Amino acid sequence: MLKIKSITTLLAFAAVSSAMLASGAQAAAPAGTAAGYGNSVAADTYGRQITISPQTKWVNVTDGETVKFDVNGKTFAWNVDTFSNDTVFDLAKIAPAGIEVNNVRVYVAPNPLYFN
């Protein structure tokens, strides 16, 4: 009787443990914050520079690309890394404090290197 109780307890523990591990294995969903669009990088590590003028309404980038944005003489570099279903966002979402960007959309093309 004691052996059956021990095995039952062990199996119950294993089931609960595996359920807890499985629930933590889900990918994070886009949150709409700057982190969902990539990350800031050192200003000298960019591959391409885009100048934003008052007439600029949109820019095109490729997922995985590192871009230096020049907004009225103030610059910042960004490595674009978006979720596959999140391909358009406002540049203001990633611009650092002190760099004002109004009504400029970023269109992100898929990177063929990311395809399986």
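The values are calculated or read from the model by the stated rules, or taken from the named source; none is laboratory data. Computed from a predicted model, the values in this text were never measured in an experiment. Note that we place each Cβ from the backbone using ideal geometry, even for glycine, and neighbour counts take in every protein chain shown. Accessible surface areas use protein heavy atoms only, side chains included; no ligands, DNA or RNA. Shrake-Rupley method; radii C 1.70, N 1.55, O 1.52, S 1.80 Å.
Just so you know, in the stretch 28-53 the residues that are closer than 15 Å to R105 by Cβ and open to solvent by 30 Å² or more (accessible area, probe 1.4 Å) include one that is modelled with the highest pLDDT, and it is S53. Out of all the residues in the stretch 63-85, is one or more exposed (fewer than 13 other Cβ atoms within 10 Å of the Cβ) and at pLDDT 95 or above? No, the stretch 63-85 has no match at all. Any residue at all in the stretch 53-70 that is free of Cβ contacts under 8 Å to residues at least 24 places away in the same chain and small (G, A, S)? Yes; the residues of the stretch 53-70 include at least one that is free of Cβ contacts under 8 Å to residues at least 24 places away in the same chain and small (G, A, S). Kindly establish whether D90 is open to solvent by 20 Å² or more (accessible area, probe 1.4 Å) and not basic (K, R). Judged against the criteria, D90 is a match.
Within the stretch 83-104, residues that are without any contact (Cβ under 8 Å) to a residue 40 or more places away in the chain and among the aliphatic types (A, V, I, L, M) have Cβ atoms under 8 Å from residues that are crowded, with 17+ Cβ neighbours inside 10 Å and part of a loop (DSSP other than H, G, I, E, B) in these pairs: L91/V101; L91/V104; A92/V101; A92/V104; A95/V101, counting only partners at least 6 apart in sequence or on another chain. Within the stretch 45-92, take every residue that is closer than 25 Å to P112 by Cα and charged (D, E, K, R) and give me the one that is farthest from the chain's Cα centre (by Cα). My answer is R48. Taking into account only those residues within the stretch 97-116 that are at pLDDT 95 or above and of a type outside the set (A, V, I, L, M), which is surrounded by the fewest Cβ atoms within 10 Å (Cβ to Cβ)? This residue is Y107.
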